[in-house]
Amino acid sequence: MKIYLVGGAVRDKLMGISSKDRDYVVVGSTPEEMIKLGYKPIGKNFPVFLHPKTNEEYALARTEKKVSKGYHGFKFFTSPKVTLEEDLKRRDITINAIAEDEDGTIYDPYNGLEDIKNKVIRHVSDAFIEDPLRVLRVARFAALDDKFTVQKETLVLMKKLVASGELKSLSVERIVGEITKGLEAKHPDRMLFFLCDCDALNEIVPGLNPIRNLSWQFIQLGEAIKANPKLLTTESKLILLLLVPFFGDYYGTDIVEHQERLLKYLRMSNQSHKIVKSIRDEESNLNNFNSLSAEDKLDCLYRLDFFRRPNITFEILDMFSVVAKVFKKIVSADQKLLLEIFAKELNELKIEVSPSNSNEKNKEFIYQKRLFTLKKLVSN
């Protein structure tokens, strides 16, 4: 029985990247031996175990065979006779097919170290084409380093996978998981470049990239997110991805139906639905905020629900500022700053209402106080 650290933990260590996930392969053991040693079995389709102390995952070395379509269409074979090289061969790309033993010795049967050095993403074997998730994984790994290129033959296999229609078999959870990891990586523009290059966007999110000339705008969005890595939440980055056709004026009057379809397809939160509606309804007002009257400025803030949920309003403003260079009509950084000043002053305004007045009368009183303050701010 021998234990090896494998996959992302080894790859990231060799690339000088911090890694949270640590996965292990156990060669020369059986499920019975693992249980006897105190490991807890958790795998349904193949033997995976949790370490009795660290709770890290340990999988028995295995081979696999494609038996049906889709991401789950595999049959696995485990045996003490399965070698480390056989286990690594089933992995997607060479930089993920490297192992390290307990003494720190590196095992690299498929030249992953050389590909890390040369910044090449290369498939391990022709079995790459059997798993549709690998299209997203390659694009996501390309986002780790802006010098990474995808080997020509690997890109051909990616395009074949897209053309086969098998990407439609991927679960929404898997799709969102891979895309969000790529958007959170250092170079999200590289992920979007390769997804566009192999025409995968429409396969993983139907209708997201309706015309190929929008591809460049997706890549530019990735560059804008890269330039502001800490400004947006993960969900906001995903929302902006869905809004590219809207900002590009592609859908016209069908935009509401299109956006709702994408949001439901990706099972986005109710808050995401509200944010998208606010952006759609108030984009023109936010873009021309300086020229609005005091009344229209205040009404815009009310519709954005700023006085109850100011954090969402500022999140929307941050989203606008990120895409300002991609879509010229979006609110400028100067206007964003001005709106933030107005919103901050109004939200900190102390207003006392009379308990004897009706709710409607108090609401009107608060509105007028805010309007008076806003007019003073505008005039200064």
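Here are the numbers for the structure shown:
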| quantity | calculated |
| --- | --- |
| Residue count, region 100-124 (criterion: more than 27 Å from the chain's Cα centre (by Cα), more than 17 Å from I17 (Cβ to Cβ) and either not hydroxyl-bearing (S, T, Y) or not assigned by TED's automatic domain parsing to the domain that holds E33 (or both)) | 8 |
| Close pairs (7 angstrom Cβ cut-off, 6 or more residues apart or separate chains): at pLDDT below 95 in region 148-174, loosely packed, with under 14 Cβ neighbours inside 10 Å and not small (G, A, S) anywhere | V172/R267 |
| Selected residue (criterion: farthest from the chain's Cα centre (by Cα)) from residues of region 41-65 that are part of a loop (DSSP other than H, G, I, E, B) and either among the hydroxyl-bearing types (S, T, Y) or under 16 Å from G7 (Cα atoms) (or both) | A61 |
| Considering residues of region 280-307 that are loosely packed, with under 15 Cβ neighbours inside 10 Å and not acidic (D, E) only, the residue nearest to I179 (Cα to Cα) | R280 |
| Checklist (1) surrounded by fewer than 18 Cβ atoms within 10 Å (Cβ to Cβ); (2) outside the structural domain of F246 (by TED's automatic domain parsing); (3) within 30 Å of E173 (Cα to Cα) applied to R267, failing item | (2) |
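For every residue, the table says whether it meets (1) modelled with pLDDT of 85 or more; (2) surrounded by 13 or more Cβ atoms within 10 Å (Cβ to Cβ); (3) part of a helix (DSSP H, G or I).
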residue: S278; (1), (2), (3): yes, yes, yes
residue: I316; (1), (2), (3): yes, yes, yes
residue: A324; (1), (2), (3): no, yes, no
residue: K336; (1), (2), (3): no, yes, yes
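Listed here are the residues, each with its yes/no results for (1) under 22 Å from F320 (Cα atoms); (2) in the same structural domain as M319 (by TED's automatic domain parsing); (3) over 12 Å from the mean Cα position of the chain (by Cα).
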| site | (1), (2), (3) |
| --- | --- |
| K168 | no, no, yes |
| N209 | yes, no, yes |
| W216 | yes, no, yes |
| E223 | yes, no, yes |
| L231 | yes, no, yes |
| I239 | yes, no, no |
| L242 | yes, no, no |
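The values are calculated or read from the model by the stated rules, or taken from the named source; none is laboratory data. As the structure is a computational prediction, the values presented were derived from the model and not from experiment. Note: ideal-geometry Cβ built from the backbone for every residue, glycine included; neighbour counts use all protein chains shown.
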